[in-house]
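The structure appears right after this line, and notes come after that.
What follows draws every value from the coordinates through simple rules; no lab data is involved. Treat the numbers as computed from the prediction; the structure is a model and nothing was measured. All Cβ positions, even for glycine, are placed from backbone atoms using ideal geometry, and neighbour counts span all protein chains on display.
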2 protein chains.
Amino acid sequence: MRLAELSQRSGVSAASIKYYLRAGLLPPGRRVGTTTADYDESHIRRLRLIRALIQVGRVPVATVQEVLRHVDDDSLGRTMRLGAALWALPQVPEPDPEDEAVITARREIDRLLETAGWTTARELSTLSPSHRALVVAVATLLRLGYRWDAERLAPYAELMRQTALLDLDYLETHPSESEKAETVVAAALLFEPVLSALHRLAQEEESARRYGL
Amino acid sequence: MRLAELSQRSGVSAASIKYYLRAGLLPPGRRVGTTTADYDESHIRRLRLIRALIQVGRVPVATVQEVLRHVDDDSLGRTMRLGAALWALPQVPEPDPEDEAVITARREIDRLLETAGWTTARELSTLSPSHRALVVAVATLLRLGYRWDAERLAPYAELMRQTALLDLDYLETHPSESEKAETVVAAALLFEPVLSALHRLAQEEESARRYGL
């Protein structure tokens, strides 16, 4: 398809598409003349992700470039490719390692991962921004005086593991590796609000079932 | 305990405690003299929640007053009391009812709730901010071209229902109704980041198990 149709089908203005092409966010179309190029479904998909990152996630353009570089990196194995793309997204800053709540949170999370047998999560614990985000979130609870330990976290970790299995099953329905990586990045930004709304709605539903309105 | 000890144990400055007392966020202590009052564990708990709302949730003081009024409202049944306290928190604005993605999202969520037998969620659908948040989140996915329908949402809804059951089981370990309501409000603000970090960590773990690093 030509640029006009790509713009119309993706809902992204022609000016924005040209900007994304120049910035290297969108791969060039196939040249079919001196001034025209031909675009395909992969360009629609990529524009969708760029919109999700920039409009919904408010991710800076330089960061989008880095995320997409990992999405397209055929040299990495699948887990590292998905990981690298996700890890390039803006993340929570490193917490103060001397902070008492941080030390306790880290210890309880270590115990949780050991008991649950999450070996990769333990190996990557100093690298992974997801691990760091968990430490920061648990430390915030502890600092405010809410008692959370490995035992209380364990059943939640197991339900989140089942949620992750659903995510991966869905991922396998996507043919290419870069499409898989695109889906993971979009889900990280767009699906978290769905999960958290479902969680709150379920709390209302189950509370009404147990206690009435 | 006296104000100085309350300040030291809660980590909240004496000046802030006096401000919260004047604003009616913290119930007065038991008077034991013309200038001194006696505080107990319920004041420590309440200060914890006020800090969570103001410092972590960045909730405006007037909203905190409204949330706490519901937390302390003995006239409501348990579900409505928890709901009223949660619903007083800042929420996503009402989406445009004419928007095509919003209409589709609402229809798929209706189908989901019907199939899953979530009768209260259906009855409260025009009132509940959690329902509205779900409509907005699914509409965002649809608008960007990601296909989500009732069937794809269903297994996630079931896992979030099991997560909600864990929440309620924990709630039952709290003796008083106002303590239960306090816990629900704190969890809504502070526990969502824990769940979402556990979810991402589980994705890394399960991806490594399936595909290697």
- request: Report the label-to-label distance for B:A23 and B:Q162 in nanometres (one decimal), using points 7 Å from each Cα along the Cα→Cβ vector.
  value: 4.1 nm
- line: Listing B:Y170, B:Y146, B:Y20 by rising number of other beta-carbon atoms within 10 angstrom, fewest first, gives B:Y170, B:Y146, B:Y20
Pairwise FRET efficiency - B:V56 versus A:S42, Cβ, R0 = 56 Å, nearest 0.05: 0.85
task: Go ahead and run the numbers for FRET between A:A154 and B:E98, Cβ-Cβ distance against an R0 of 60 Å, rounding to 0.05.
output: 0.85
- request: Note down the magnitude of the dipole of chain B about its Cα centre, charges +1 on Lys and Arg C-beta and -1 on Asp and Glu C-beta and zero elsewhere, to the nearest 20 debye.
  value: 780 debye
statement: Residue-normalised 222 nm signal for chain A, counting each DSSP H run of n ≥ 4 as -39,500 (n - 2.57), nearest 500 deg cm²/dmol, is -22000 deg cm²/dmol
message: Using Cβ contacts closer than 10 Å as the measure, can you line up B:V138, B:V61, B:V185, A:V59 from fewest to most?
response: B:V61, A:V59, B:V185, B:V138
statement: Using alpha carbon centers only, the range A:182-196 is separated from the range B:100-127 by a whole-angstrom value of 20 Å
message: As a footprinting exposure proxy, order B:D96, A:D167, B:D73 by other Cβ within 10 Å, with the fewest listed first.
response: B:D96, B:D73, A:D167
- prompt: Just in the range B:58-163: which trypsin sites (Lys or Arg not before Pro) are loop by DSSP and have at most 13 other Cβ atoms within 10 Å?
  reply: B:R58, B:R147
message: Modelling each spin label as a point 7 Å along the Cα-to-Cβ direction, I'd like the A:D110/A:T126 distance in nm, to one decimal.
response: 1.2 nm
- line: chain B: Kirkwood hydrodynamic radius (Cα pairs, Å) comes out at 19.9 Å
field: Gyration tensor verdict on the range B:91-164 (Cα atoms; rounded if a/c is under 1.5, prolate if a/b is larger than b/c, oblate otherwise)
entry: oblate
